[in-house]
Each structure stands twice: as C-alpha cells, then as structure tokens.
1. Filter the stretch 233-250 down to the residues that are open to solvent by less than 80 Å² (accessible area, probe 1.4 Å) and not in a helix (DSSP H, G or I) and list them by number.
2. Being surrounded by 16 or more Cβ atoms within 10 Å (Cβ to Cβ) and either touching an Asp or Glu at 6+ places or on another chain (Cβ under 7 Å) or over 23 Å from residue 248 (Cβ atoms) (or both) is the filter; apply it to the stretch 186-217 and report the residue that is modelled with the lowest pLDDT.
3. Could you please let me know if residue 183 is modelled with pLDDT of 95 or more, open to solvent by less than 40 Å² (accessible area, probe 1.4 Å), of a type outside the set (Phe, Trp, Tyr) and farther than 18 Å from residue 235 by Cβ?
4. Whether any residue in the stretch 67-87 is part of a loop (DSSP other than H, G, I, E, B) and at pLDDT 95 or above is what I want to check.
5. Would you mention how many residues in the stretch 123-153 are touching a strand residue (DSSP E or B) at 6+ places or on another chain (Cβ under 8 Å), of a type outside the set (Val, Ile, Thr) and at pLDDT 80 or above?
6. Which of the numbered conditions does residue 222 fail, given that it passes all the others? Conditions: (1) open to solvent by less than 50 Å² (accessible area, probe 1.4 Å); (2) at positive phi.
7. Across the stretch 60-99, what is the total count of residues that are touching a strand residue (DSSP E or B) at 6+ places or on another chain (Cβ under 8 Å), among the polar types (S, T, N, Q) and farther than 25 Å from residue 158 by Cα?
8. Tell me the residue from 78, 92, 97 that is on the phi > 0 side of the Ramachandran plot, in contact with a Pro (Cβ under 9 Å, 6 or more places away or on another chain) and small (Gly, Ala, Ser), please.
Amino acid sequence: MATGNLEEDARQLPPSASRERHPVLVFLRGDQQPAAPISLEREEVLLGRALEADVRVNDVRASRLHARILAERNPETGATEYHVRDLNSTNGTFVNGHPVIDAALRDGDKLQIGDHLLRFEMLDDTEGDFQRQVHRLLAHDELTGLLTGKSFFSELRREAARAASEGQPFCVLMMDLDHFKEVNDRYGHLVGSQTIEEVGGIIARTLRVGDVAARFGSEEFAAYLSRTGDMHGLIIAEHMRRAIESHRFSATRRGSPADIEQPLNITISIGLAAFPGDARDPIELVELADMALYHAKRTGRNRVATHCDATPNAKTQESRLVATVSGSQTTPPAASDRLATEAGPDSATTTQTDRDAKNE
C-alpha cells in the first residue's frame with residue numbers, strides 16, 4: 001500500500017519490483033546544485049562549458065569540451081559499462097580525487113571538473129523518482145512553486161550564455177508587492193501567505209514558454225523574459241502589473257468560517273533591465289533591474305520602470321535615466337529609439353531612502 005512517502009514506499013516494494021537501474025549524474029557542488037539527476041542513457045555524453053555540451057558545467061576552470069562519458073558493452077558479460085574520458089582539458093578530470101585520462105565509473109564515484117563535483121549513480125525507478133522529488137523541493141519555493149533565488153541565478157547564467165552565443169536579447173524583471181507589510185499586520189500571516197501564493201500563480205500564468213520566474217524573499221519576485229527586447233519586455237511587465245492590480249484577492253483566509261469575503265487590493269512595482277543594452281553580466285542586470293524597482297517605488301508604486309543607459313551628465317554626476325509607465329498614464333514619446341524618461345535622472349547609488357521606499 002502506497003503511503004505517499006517515497007522512502008517508505010521503496011521499503012515496501014517486493015524484491016523483483018523496479019530493479020532495473022539507470023545511470024545518472026547528480027551535481028553535488030557548483031552553481032547547478034541542487035539539480036535533478038541527469039540521465040546518461042545514450043552512447044556518449046559530453047561535459048563542458050560550451051553550449052553544445054550535453055551537460056553544461058558553468059565553471060571558468062572547465063574547458064569548453066572537457067570530458068566525455070561513454071557507454072560500452074562488455075563482450076564477456078553483456079553488461080553496459082561506463083567510462084569517463086578526458087578530452088585534453090586544461091585543468092584535468094578527476095575521479096574520486098585522482099586525475100584520470102580514461103577511467104571506469106562505478107556506482108557512487110565522484111567526478112570533479114573545475115570546482116564542480118558530480119556523483120555517478122545507478123538508480124532504479126523508485127530512487128530516481130525520489131531524487132527528482134528532492135530536487136523539486138530544493139529548487140522550488142514551496143508556497144508558490146516558482147524557483148528559489150539560488151536556482152534562478154543558475155538559470156539566469158545559462159540564459160545569459162545562450163543569449164550571448166545566439167546574439168539574442170532578454171530582459172530581467174525585479175518585482176515587489178506594494179505595502180505588503182500592512183497586509184500581514186492587519187490580516188495576519190496566513191492571509192499574507194495565501195496572497196503570495198496567488199501572486200506567484202499570476203506571475204507564472206503571465207510568462208511564456210521559456211521565461212523563468214522565482215520568489216526571492218517574502219514579497220519579492222524575479223523573472224527573466226527569454227528572447228525579448230526591452231520594449232516587448234515592458235509590455236509583458238505592464239500586463240503582469242495590471243493582472244495583479246485587477247485580481248480579486250481576499251482578506252479572508254480560505255476555509256475561514258467568516259460569512260462575508262472581504263476584498264483585498266494588491267499592487268506590484270516592477271523594475272526591468274535588458275541584455276545587452278543595459279548590461280551583459282547577469283548579476284549586473286539584476287542590480288540594474290533592482291535600481292529601476294527602487295525608482296518605481298519612489299515615484300508612486302504600482303508601476304513599471306525600465307533602466308536605460310544615458311550619457312553621463314558632468315554637472316549632476318548622474319549616469320542613468322529610467323523610463324516609467326503605469327496604467328494611469330500614457331507612454332511618453334521615444335527618445336534615442338528607446339522609451340523616454342518620465343521622471344528625472346536616477347542615481348546609480350542605492351541610498352537608505354531607496355531601501356526604505358522599497359520596504360514600505
């Protein structure tokens with residue numbers, strides 16, 4: 001009888017059940033961790049930093065094509081055996097701490113490429129399901145189902161590498177609910193959690209296939225919009241803002257005995273930065289989107305602000321302009337083929353006032 005607990009269910013399986021084992025790699029250390037098991041059920045699997053690698057290792061000490069894992073049938077036993085072969089990499093391939101050129105892989109062996117550590121495992125179906133469930137729990141926010149911040153940064157680095165290789169744009173959004181502390185203080189944290197869950201669902205439904213969203217903090221979210229320039233990204237972000245503004249949230253906890261449902265108005269402020277126009281480094285893009293978010297908060301909230309490059313003004317020492325749109329105003333005319341700024345120049349330095357505005 002299934003219990004819903006994978007470990008308990010595995011103990012109840014009869015010895016003959018689900019005994020076929022499958023080769024996988026699991027990241028133990030590196031920016032891909034935690035990651036779902038990576039199947040090795042093919043004749044060869046390439047590991048390296050290149051986009052064409054089957055298993056990408058985002059590590060400056062990894063070569064573009066660093067190593068290959070080969071599946072070979074033993075002519076005597078008929079069993080499939082697995083070998084790792086170094087591809088003349090700069091910094092070498094290690095198995096269980098020892099440098100190798102070509103080595104057999106056994107269940108539990110640890111493979112090191114650069115600073116990344118992976119484990120070779122032979123998993124049956126139940127163990128594979130358990131690993132995937134663990135990955136889902138670690139990589140995704142339990143309340144909203146969106147990625148965690150750490151997992152988002154791993155995906156964002158991969159998106160930046162892909163965009164640079166293909167010459168495609170993408171946008172980063174930083175989002176924060178307005179005055180959300182008042183919701184928790186007035187209606188309680190259960191209603192607050194219920195609201196966060198619904199906001200996560202709205203964000204997920206607004207995004208397209210290929211876009212990725214995450215919950216960063218209590219009421220802060222992030223997303224990237226794949227293959228999207230700043231003008232199109234602004235439209236998507238504004239659509240998301242309006243969807244949250246118009247959604248009927250409830251100040252009454254689900255399952256509460258209260259007879260009358262009390263409506264709750266929630267709004268969100270969004271900051272946007274674009275690759276490659278604003279920055280090429282993924283971390284810098286997040287920082288610029290965060291600055292745009294601060295600006296949206298300072299200039300009234302419930303709006304979208306996009307961070308634009310501008311010629312530095314020697315007199316004011318300002319180096320950025322921010323274009324802002326909201327549902328209550330029209331988009332200003334374009335300047336230099338981009339959105340013109342609605343507000344004055346925005347400082348690139350985050351002040352205590354900025355932080356206070358964002359937290360309100």
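The values are calculated or read from the model by the stated rules, or taken from the named source; none is laboratory data. If you're wondering where the values come from, they're calculated on a predicted model, not measured in any experiment. Using ideal geometry, Cβ is built from the backbone for each residue, glycine included, and neighbour counts are taken over all protein chains shown. Note: areas computed on protein heavy atoms with side chains; ligands, DNA, RNA excluded. Shrake-Rupley method; radii C 1.70, N 1.55, O 1.52, S 1.80 Å.
1. 247, 249, 250
2. Looking at residues that are surrounded by 16 or more Cβ atoms within 10 Å (Cβ to Cβ) and either touching an Asp or Glu at 6+ places or on another chain (Cβ under 7 Å) or over 23 Å from residue 248 (Cβ atoms) (or both), I get 216.
3. So residue 183 does not fit the description; no.
4. Looking for residues that are part of a loop (DSSP other than H, G, I, E, B) and at pLDDT 95 or above, one finds at least one in the stretch 67-87, hence yes.
5. 7
6. (2)
7. 3
8. 92
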